[in-house]
Structures are given as structure tokens and as C-alpha cells.
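Enquirer: Starting off with a structure, shown below.
Derivation of every value follows stated rules applied to the coordinates shown; laboratory data play no part. Since this is a predicted model, take the numbers as computed values, not measurements. Note: ideal-geometry Cβ built from the backbone for every residue, glycine included; neighbour counts use all protein chains shown.
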Amino acid sequence: MSLRRLLLLPVPVVVIATVIALAPGPGEARDAACDRSDLRRRLASGGDVFAVVDRRLVSVRDRAGNCAAPRPSSSTGLLRHVASEPGAGTAFVDDRAGGDDLVIFDESGETRVPGGAEITHPAWSERGELVWSEGMRRLVVRDPDGATERIPLPGGASAIFSPQFRGGSLIAVVAARRGRTAEDAVLDNIWSHSGSGWHRLTNFDVGGDRWSAIRTPIVAPDGSVLFVRVHGRWRRTREPAFELWRLRGDVARKVLELPGEMYLAGSSEGKLVWNALTRRCHGWELLIETAGPLRSLRCGAVQVDPVDASDPDLRAGTPATADPPSDASNEAVIIGDFTGRPAAERVAALVGDGARVVSNADAPTSVRPGAYAVVIPSAGAVARLRDLRAAFPELRRKMYVTSLQP
Amino acid sequence: MFGGRCNRHANDARTYMPSARGRNRGGYVYYHRKLLGKVGGDVMNVVRGGGKQKALDYGIWGYACRLKTGGSSWSVHSWGAAIDTNTLRNPFGQRHWDGRGSNGRRYGRFLPRSYVREDFYWGLNFNDPMHFQYVDGY
């Protein structure tokens, strides 16, 4: 099924942030500053829609001005992960160095809930309850009176995030405790929590170097859950797959393959709203499905992470922009491994041009013990690698650059 | 500088390191070709020159095309611009560096110094002591 085809389907969805009306796309209208009292009213009503762009909250509702709200006066960190619910309010994360704050605007005014850890992915229920992830280690559920309950992640899990209310229960994405590090995605599944505890709803599994992640689940009125699945192989230099899936009961089915990296941001009048990275926005853009191509709402991020600012818990700085110097005297192209010297010698003869066979004894940081490889010393090893891969495509997967150590 | 994530050059360089795949079980570490002089050259020069190959311990990783847990951000490993070393003793979330090598001997901060000297940023600053990256915008 094509994306365009999906876009024609009526998809009634309860929203992360209900996009109620369409604003002009980027460049069609200049942002206008909101007056602060109006901003607070609109945040508290939850009927407006806010996203984050340029470290500010912006509305996609205001037809007149595509209103950009100044950041709330009490916010000092990086704003992200905005959730709103008509009649309930708006909540977003004030991401600070150390513990984050969840900022809630509702009928009682502005409330700042300190998290003591990284807060992510707030979500509302229709009844005005809020749930979010704290430190990826637990969910926090806050009832409309402000009382909170903490729910630890299931046993055997390494992280929990992106919770949503579904009827009288909660669902959330749970990362399995598997792999070499908790920082990188390995295996996610959707779990449900009710009075009887946690139970898993989806049954994704991985092996070898495969990984499978679930992002931005949203719950439809019929109780089904739409989510984006991202999966790939971590050793491969290939773009991972992005797919839209739907979970009904405990049966998950792929709806369609997505054209690239995009995540769900909510829905409007039965149409899905997406966050995608675009050049037009130099970051996240909100797009809504139409009978034709996706239509831009404006720039902004709803439940995705900012790409234009560093997490305050990490050192703010600039990415390295200059190539590091190379020690050309030791650089070489290496072709291998081969289990026997004769096979390596045949390749060396084929390649010529100074190619020679080495073992771990000759090149201890380039070849594993027991194996043989062919090295072609070259002051411009990177360029030589490109040329050799073009000349010998059948050996391409065995070719690397290496630094020969005596 | 490193191109797009998971690009075809992000694992073009390789270095054989002791204990990369397990204690005293060596293996190849793959990373971006632009870091060849840093990782395969300077860092390994210091390790081997000092006779401190045993400072390297289980396990060591470079390129990995993956999202970070729970978010829409990508691991710096997706650009081949980071190395995780001695991961078993220095897991994500730990707030200190355990400098014991594969022989159990204490090497202190020998390895972190070797990477930091080459302008890598140490993940200990955000409770990821195994992690050394050549970008700091993260």
C-alpha cells in the first residue's frame, strides 16, 4: 500500500497533540508573537496545538498568524515533547541539565513537576490524567488532582517510554535488556499495564545484528494502536526501514512502508499528522495527509527530539568540522580475511601494484591471528580504496583502510 | 564531516583489537575512515608502544547504525565516529571508569587519556564511561 493510498483512508485517531486546524505552511505566513495571557489560556485549554521549533512553543492552529508563542517565562531548558488534550491542558518537557521538569498548563494554571531524571513523552487521557516516562525507568501517572503513582518497568526490560492511555489501561514501549549497551535501540515491544501488571502485546524479535525499534505510538478510538517501526542491521551501511504498523488486540500488522524517516505526531479530522525531517525546515516539519501528497502544516516537533540543539545533559558544543590529520605513512588498503595464505597470494597477484600478503605477526592491528590478508600501502589509502573497490567489485566487501603497525 | 548516518564510508576503517569480542578474544573494530589516523594510528600506537594491549578489555565496538533508545536521535556510532571500549566493566549509566584490563590489572585512566589526547570526547561526562566520540554536539 502506498503512502498516498493510506492517506486517503479515514483514520480516526485520538491524538498526541490534536491538530485541529490547518495553518499556512512554512514561508506562507510570518510567525506572530502571542500575547502572554493569551498563550496561557490557549495552553490551558488544550484545544490548541503546540509544537516546538527554535526552542519556542508554536501553534499550528492560529489561521491568522501561524502564531509563535514566546517560551514560558519559567522555562530555562530545552523544550520538547508536547502533548495537549482538549478540555484537559497542555504539557511539555523542559529539558534541563540534571533532572527535567514537566510543565503542565491546565485550568488550575501552570504547574511545574520536577522529575529528578530525564522526562520524556507526556500523554493525556480524555479524563485529564497525564502519564510520562521518568528516566526511562518508570512511568509516572498523575491524576487531575495532582496525585501521582509510579509504575516501574517490567522485569527484564532496560527502558520504558512513549506511554499512552488506552481505555482503562496504559500501553508503553518497552526496550528489552539485550545487547551491549542501554544507549542504543536493540529490541522494542509494546506492553500493556493494568491491575494485573504488565503483559506484552507485540512480539517482535531480533537476532544477529538486527535491531527493531518502536516509536510514537498513538491510540485510535477503536483501541487499536498505530506506531512507527524502525528496523535494520547495525553492521550494515544502509538506511534502516521505516514502517507504519497497527496493533489490534495483540495482533500487529504492517500497514505500509514509509518513504523515509518520519514519525507520528497525531491526527486531525481522521488524517494522520507526521513529523519528518525536511530541508525546508532545516529540521522537523509537521505534515498532514491529504488526497494528494502530504501537505505542510509548519515547522515544529511534537514527540520527536530536537535536531538543532544539544541535550542539556550533554556538553553543548560544535560537532567536529575539520578532518582529523592522517598518518599517511602507515595507511594501507587491506583486503581480507583469507583463511589460507594461497588464497591471499592469488588476490595479491590479481591486484598487483605493491600488494603483499600479511598475517597477524606482520600486521598485528590489521589482521586477526590465524588469518591472512592482502595489504596495499598507500599514502592516499581512502582514494586507493575507492579505486580498488571499483576495479574489483567481487572483493568489495573485504576491502577496508587500515593503519599498519609494526 | 562524517556524511549522513549509516553512510557507506562510516565503517570503511578497521583495526584488530585484543579482547574486542570477549576477554582475550580479539576482533575487528570498524569505524569511519576519517578516524583511521586517530584510532588505528595514534591510539593503538600508544597502547602497543606502551605494551599495554591488556588494558583493552571486553568488548570494543565502533560503527553501529542504530537509533538511541527511546528517541528519534541516532547514536553517534551510526556515523562511525565513536568507539566504545572496555564495555563490560564500564556499562552505560555507570558514573566512574573501571580501568582494569583483561588481565585484571589496574591501568587507571590510561585508555581514556589515550582517546582524549586525540580530541575524543569522553562519555563519562554523561554517565557513559565506555564511550569516546569525535563529535561533541551529540
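Enquirer: Taking H as built 1.01 Å from N, whose amide H comes closer than 5 Å to the amide H of A:Val304, not counting residues under 5 places away?
Expert: Sorted by chain and number, the residues that satisfy this are A:His81.
Enquirer: Nearest 0.05, what FRET efficiency do A:Ala97 and A:Asp250 give at R0 = 41 Å with Cβ-Cβ as r?
Expert: So the FRET efficiency works out to roughly 0.50.
Enquirer: A further question on this structure: How long are the three semi-axes of the equivalent ellipsoid for the stretch A:330-393, computed from the Cα gyration tensor as the root of 5 times each eigenvalue, in whole Å, largest first?
Expert: Each semi-axis is the square root of five times an eigenvalue, giving 18, 14, 9 Å.
Enquirer: Take the Cβ-Cβ distance between A:Ala361 and A:Asp209 as r, set R0 to 35 Å, and report the resulting FRET efficiency rounded to the nearest 0.05.
Expert: Working from the Cβ atoms, E equals 0.70.
Enquirer: Additional query: Answer with one residue from A:Gly197, A:Gly223, A:Tyr263: the one whose Cα lies farthest towards the positive end of the charge dipole of the stretch A:177-266, charges on Cβ with Lys, Arg +1 and Asp, Glu -1.
Expert: Of the options given, the answer is A:Gly197.
Enquirer: For each of A:Phe392, A:Phe105, B:Phe92, count neighbouring Cβ atoms within 10 Å of the residue's Cβ, then give the residues from fewest to most.
Expert: A:Phe392, B:Phe92, A:Phe105
Enquirer: Right, something else. Rank the residues B:Ser102, A:Ser108 as a footprinting-exposure proxy: fewest other Cβ atoms within 10 Å of their Cβ go first.
Expert: Ranked by crowding around the Cβ, least crowded first: A:Ser108, B:Ser102.
Enquirer: Need one value for B:26-38: mean number of C-beta atoms belonging to other chains within 10 Å of its residues' C-beta atoms.
Expert: Going residue by residue through B:26-38 and averaging, the value is 5.
Enquirer: Neighbour counts of other C-beta atoms within 10 Å: give me A:Trp234, A:Trp198 arranged from fewest to most.
Expert: Placing the least packed residue first, the sequence is A:Trp198, A:Trp234.
Enquirer: Quick query: amide H of A:Val273 versus all other amide H atoms, modeled in the peptide plane; which residues come in under 5 Å with a sequence gap of 5 or more or a different chain?
Expert: The list, which skips near neighbours in sequence, is A:Ala265, A:Gly266, A:Ser267, A:Ser268.
Enquirer: What dipole magnitude, in Debye to the nearest 20, does the stretch B:54-138 give about its Cα centre under +1 on Lys/Arg Cβ and -1 on Asp/Glu Cβ?
Expert: Dipole size: approximately 360 debye.
Enquirer: Here is a further query. Could you please report the charge total around B:Gly71, scoring K, R as +1 and D, E as -1 over all other residues with beta-carbon less than 9 angstrom from its beta-carbon?
Expert: +1
Enquirer: Still on this structure, I have one more. Given the pairs A:Lys398/B:Lys38; A:Lys271/B:Lys68; B:Lys34/B:Lys68; A:Lys398/B:Lys34, which span a C-alpha to C-alpha distance of over 26 angstrom in this model?
Expert: Table pairs above 26 Å Cα-Cα are A:Lys271/B:Lys68.
Enquirer: Average partner chain C-beta neighbours within 10 Å, per residue of B:8-15?
Expert: 6
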